[in-house]
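Down below is the structure, laid out as structure tokens.
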Amino acid sequence: MNKKSKQQGKSSWRETIHTIIFEADTPGGKLFDVVLIIFILLSVVVVMLDSITKFQLAHKSALYYLEWFFTIVFTIEYLFRIISVRHPSTYIYSFYGVIDLLAIIPTYASLIFPGTHYFLVVRLLRIMRIFRVMKFVQYVSEAKLLMNAIKASRRKIFVFLLAVITILIILGSIMYVIEGPENGFTSIPTAVYWAIITFTTVGYGDITPQTSIGQAISAIVMILGYSIIVVPTGLVTVELSRAEKPISTQVCPECGAEGHDADAVYCKYCGSKL
């Protein structure tokens, strides 16, 4: 009986932590997320100020201690997230799980590799939780819809990019033959570099064709760059046209999965009750 009571107490304790950390539907959960977002913003500001030489020299100690304070807080939060999920590996390898880990690694890494703490700006990605905190469910739904559309179009986009790369290599090779080293096209890779910056209409001007034929090809490449940009947009738009049900902010207490339908009672990934 005692053993059963202990197990129930442990389960209740874990569920309480899960509700506060993962759910934005309760007052405690919303307060936790709001405080977390404030801490994220402040920690990013600290990293930015630390990159300003004059400010860093004047407030070196304060910035150092603040950075470690936020890192320790985020580390404790990360450990609690792992503890509160019944299957920790699901959270650890999820998008937010990876981002949460990357948000604390740079500070520890800076002990061995100085300067790596500047990568802490990745913490800003965690601010995406604001969509759940502020109840912008429609934005969460739209973001998921966009991600699904890109995922569904990935093979078509890959084929498109492969075709573009092939065209650029061919055009670069032709320009190398036509212009030659005397006009700045010293090798095929250099000519391909020119083709890429011309195709993307960036045109740094560090390499420019001097012959009439080269200039004509340059004009074709620029026009081609403008016309071909609509292709990937069209591919994703087709997928976006497929309607999708709105999703809720519920997080599965069993596997930590998100993105459930608004009327879902059970997790669509592991079948556990939400």
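The values are calculated or read from the model by the stated rules, or taken from the named source; none is laboratory data. Nothing here was measured: the structure is a model prediction, and the numbers come from that model. Backbone-built Cβ (ideal geometry, glycine too); neighbour counts: all protein chains shown.
Matching residues to (1) modelled with pLDDT of 85 or more; (2) more than 24 Å from Leu31 (Cβ to Cβ):
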site	(1), (2)
Tyr78	yes, no
Ala109	yes, yes
Thr116	no, yes
Phe119	no, yes
Val137	no, no
Glu142	no, yes
Ile157	no, yes
Val164	yes, yes
Ile167	yes, yes
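I'd like to know if the stretch 124-131 contains one or more residues that are in contact with a Phe, Trp or Tyr (Cβ under 6 Å, 6 or more places away or on another chain), at pLDDT below 80 and part of a helix (DSSP H, G or I).
yes
Within the stretch 23-35, is there a residue that is under 18 Å from Ser272 (Cβ atoms) and surrounded by fewer than 17 Cβ atoms within 10 Å (Cβ to Cβ)?
Yes.
For Tyr91, are the conditions met, namely being surrounded by 15 or more Cβ atoms within 10 Å (Cβ to Cβ), within 14 Å of Phe22 (Cα to Cα), assigned by TED's automatic domain parsing to the domain that holds Ser12 and in contact with a Lys or Arg (Cβ under 7 Å, 6 or more places away or on another chain)?
yes
Would you pick out the residues in the stretch 69-113 that are among the hydrophobic types (A, V, I, L, M, F, W, C) and either in a loop (DSSP other than H, G, I, E, B) or touching an Asp or Glu at 6+ places or on another chain (Cβ under 6 Å) (or both)?
Listed by number, the residues that qualify are Val85, Ala103, Ile104, Leu111, Ile112, Phe113.
Listed residues Pro189, Pro181; which is under 33 Å from the mean Cα position of the chain (by Cα) and either among the aliphatic types (A, V, I, L, M) or at pLDDT 75 or above (or both)?
Testing whether each residue is under 33 Å from the mean Cα position of the chain (by Cα) and either among the aliphatic types (A, V, I, L, M) or at pLDDT 75 or above (or both) leaves just Pro189.
Just to be sure before I move on: is Ile228 under 24 Å from Ala152 (Cβ atoms), in the same structural domain as Leu168 (by TED's automatic domain parsing) and modelled with pLDDT of 70 or more in the structure I sent?
Yes.
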